[in-house]
1. Among the residues in the range 251-258, are any buried (at least 21 other Cβ atoms within 10 Å of the Cβ), modelled with pLDDT of 90 or more and closer than 24 Å to residue 319 by Cβ?
2. Only one of (1) within 20 Å of the chain's Cα centre (by Cα); (2) surrounded by 18 or more Cβ atoms within 10 Å (Cβ to Cβ); (3) over 15 Å from residue 61 (Cβ atoms) is not met by residue 345, so which one is it?
3. Could you go through the range 78-95 and let me know if any residue there is farther than 23 Å from residue 356 by Cα, free of Cβ contacts under 8 Å to residues at least 60 places away in the same chain and in a loop (DSSP other than H, G, I, E, B).
4. Just wondering, is there one or more residues in the range 65-76 that are modelled with pLDDT of 90 or more, farther than 26 Å from residue 161 by Cβ, crowded, with 22+ Cβ neighbours inside 10 Å and touching a strand residue (DSSP E or B) at 6+ places or on another chain (Cβ under 6 Å)?
5. Keeping to the range 96-121, report how many residues are touching a strand residue (DSSP E or B) at 6+ places or on another chain (Cβ under 7 Å) and either in contact (Cβ under 8 Å) with a residue 40 or more places away in the chain or in a strand (DSSP E or B) (or both).
6. Determine if the range 282-289 includes at least one residue that is within 21 Å of residue 40 (Cβ to Cβ) and within 18 Å of the chain's Cα centre (by Cα).
7. Determine if the range 143-151 includes at least one residue that is at pLDDT 90 or above and either part of a strand (DSSP E or B) or buried (at least 21 other Cβ atoms within 10 Å of the Cβ) (or both).
């Protein structure tokens, strides 16, 4: 794997990618020919980047580009563990899934610390869902059942202890790890704008069969991760439907009342995020081309005062990344700090924040390059 990093000015972020039990640091980075924004680091890969995910504290980054890697704060590769899928368990640990040699339907899971040491999670698991909450827990999908019971089941791993099997396919956690959204049905068929749909339920700690709360009349596309607000009282879905399957919309589920609401029908599937004022940031109206971003305030969509853009992704810190598209289809991401201070910009539209809002990765349209920013005051 070829990696080229370009460091412009001081690097004040920390990033990492997965490690194995015998990590081997690479040599010092070589300057690249690209010119990222001041204070940013550009990571270039020889193959397309299939996956990247920040540690919750923004100090490490997992990247999958023809293999998993763990990147440290200087931009060097710390380790390259085996594994096809990875997720963060907490800021100091991540988990990887490796395919079984006997069958691709199941495999093994290992939990690593940042030093490269690992422990094996007992049992065999499906690679279709490996979902960490970032605060110490890991939801693991069990291999597909045979016979009469064809429903999905999963277990939760925490501090070396596995829960009893629970029904459902884990989709996403609340930020504090107290709530988990699960799919409770096999795919029901396509939603317009989405490849498949499932019914869902909400599980609250302590987990058990009796803790499951089915959400009636809501179906979502399980390929998108649910997005919880800061308080864990509401969760947004990028593509879903209420009632009869008749369209793919962005919707919000109020966990206090169990009531879902359609919030937008424009560009379903675009990333969603919550603003510091509690509103859900929506994309600009593609029909008007005004570039004015809206937010859902709980009852209706209202215009924001943000700079004009096609869409944006807000961080928990109040920082924000705004994506614009030029007439020639060139896409640029502008980055602003928590008080609106310009941080920089990068070509591309793939955007991922760390959970604490201190670090941002922007994926280039080419798919083989990331530009990483540190946000002053973001943590």
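1. yes
2. It fails just one condition, (1).
3. Checking the range 78-95: at least one residue is farther than 23 Å from residue 356 by Cα, free of Cβ contacts under 8 Å to residues at least 60 places away in the same chain and in a loop (DSSP other than H, G, I, E, B).
4. Yes, the conditions are met somewhere in the range 65-76.
5. Taking the range 96-121 and keeping what is touching a strand residue (DSSP E or B) at 6+ places or on another chain (Cβ under 7 Å), we get 96-100, 106-113, 116, 118-121.
So of that shortlist, the ones also either in contact (Cβ under 8 Å) with a residue 40 or more places away in the chain or in a strand (DSSP E or B) (or both) come out as 96-99, 107-113, 116, 118-121.
Total satisfying the criteria: 16.
6. no
7. No; the residues of the range 143-151 include none that is at pLDDT 90 or above and either part of a strand (DSSP E or B) or buried (at least 21 other Cβ atoms within 10 Å of the Cβ) (or both).
Yes/no per residue for (1) in contact with a strand residue (DSSP E or B) (Cβ under 6 Å, 6 or more places away or on another chain); (2) over 20 Å from residue 294 (Cβ atoms); (3) free of Cβ contacts under 8 Å to residues at least 40 places away in the same chain; (4) part of a strand (DSSP E or B):
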{"site": "317", "(1), (2), (3), (4)": "no, yes, no, no"}
{"site": "329", "(1), (2), (3), (4)": "no, yes, yes, no"}
{"site": "335", "(1), (2), (3), (4)": "yes, yes, no, yes"}
{"site": "346", "(1), (2), (3), (4)": "yes, yes, no, yes"}
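The values are calculated or read from the model by the stated rules, or taken from the named source; none is laboratory data. The model shown is predicted, which means the values in this text are computed figures rather than measured ones. Cβ sites come from the backbone with ideal geometry, for glycine too, and all protein chains shown count toward neighbours.
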